[in-house]
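Next up is a structure, given as structure tokens.
Read the figures in this text as sums done on the coordinates, not as results from a lab. Everything numeric here is computed off the predicted structure, so don't read it as measured data. Neighbour counts run over all protein chains shown; Cβ positions are idealised from the backbone, glycine included.
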Amino acid sequence: MPRGSEHDLTGILLENGFYPILRMPGGGEWRLDITKRHKHLFGTRVRVVGVRDGFDLLAVQKIEPA
């Protein structure tokens, strides 16, 4: 179980191999560890709730269209 700070973020979901990317409006990016279905959300604005699990990895608890 990840033990980091909780984040509630909004950005564009992009395909990037094993870990999809959440691109933030200000230019930052997070790699996402997602276990739920998400491929239909690629290229769209999404809201992601998750726990930080490393430098730029977010263990996703919830993902939905924003």
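Label points 7 Å out from Cα along the Cβ direction at residue 66 and residue 10: separation in nm?
With each label point 7 Å from Cα toward Cβ, the separation is 0.6 nm.
Compute the signed sum of charges (Lys and Arg +1, Asp and Glu -1) over the other residues within less than 13 Å, Cβ to Cβ, of residue 42.
Value of the local net charge: +3.
Something else now. Based solely on C-alpha atoms, express the radius of gyration and the Dmax of the chain in angstrom.
10.5, 29
Just to confirm a number: summing +1 for Lys and Arg and -1 for Asp and Glu over residues other than residue 13 whose beta-carbon lies under 14 angstrom from that of residue 13, what do you get?
Net local charge, residue 13 excluded: +4.
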